[in-house]
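Peer 1: Structure provided below as structure tokens; questions to follow.
No lab work stands behind these numbers, since they all come straight from the coordinates. Model, not experiment: these values are computed from the prediction. Cβ placement follows ideal geometry from the backbone for every residue including glycine, while neighbour counts extend to all protein chains displayed.
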Amino acid sequence: MKAEIGRRIKMIRVERGLTQKELASKVGIDFTYIGKIERGEQLPSLKILIKIGDALSIPVNYFFQDEAAATINEISSEIKSLAKNEKGREFLRSLTQLHKDDIPLMVEIIKVLNKHRIDSTKRPYETSYEIYLKAAEEEIPYGKKGRDKKG
């Protein structure tokens, strides 16, 4: 059980883009303790597990569920988060029209968008969508700088 709880904490922490230090800071514990938990060397108290769940926006029961139930629970909370605004709801409605064979392509597109967002931090005055539109207008591949129009 120790290893399973630690593995789940690490998986969610990495998905959220947090370091052990960042998570530990949110929880109010030393980052070495997070490492011990993730490696299955230490079983956290229920109090600490609740704080970790809060910091990761995961209900504490996630750490005790079987894998399928935990995945469904996590997806459910992510969908609720997306549905909080109109653009998120529009995105969710669009997903219902997606053919199952297109899912791998959509996952890759999202990965490219996330990478591009990270790369575009050098140009914080432009949103990813603005950069995409500019690239489309200049007929250059998405993600390339506007200077080289050869692609």
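Peer 1: R0 = 35 Å: FRET efficiency of residue 108 with residue 85, Cβ-based, nearest 0.05?
Peer 2: Using R0 = 35 Å, I get an efficiency of 0.90.
Peer 1: Which value, in debye to the nearest 20, describes the size of the charge dipole of region 2-64 about its Cα centre when Lys and Arg Cβ atoms bear +1, Asp and Glu Cβ atoms bear -1, and nothing else is charged?
Peer 2: Taking the Cα centre of region 2-64 as origin, the dipole is about 40 debye.
Peer 1: Moving on. Based only on Cα atoms, what mean projected area does the convex hull of region 2-64 have, in nm²?
Peer 2: If I average the Cα hull's projected area over directions, I get 3.4 nm².
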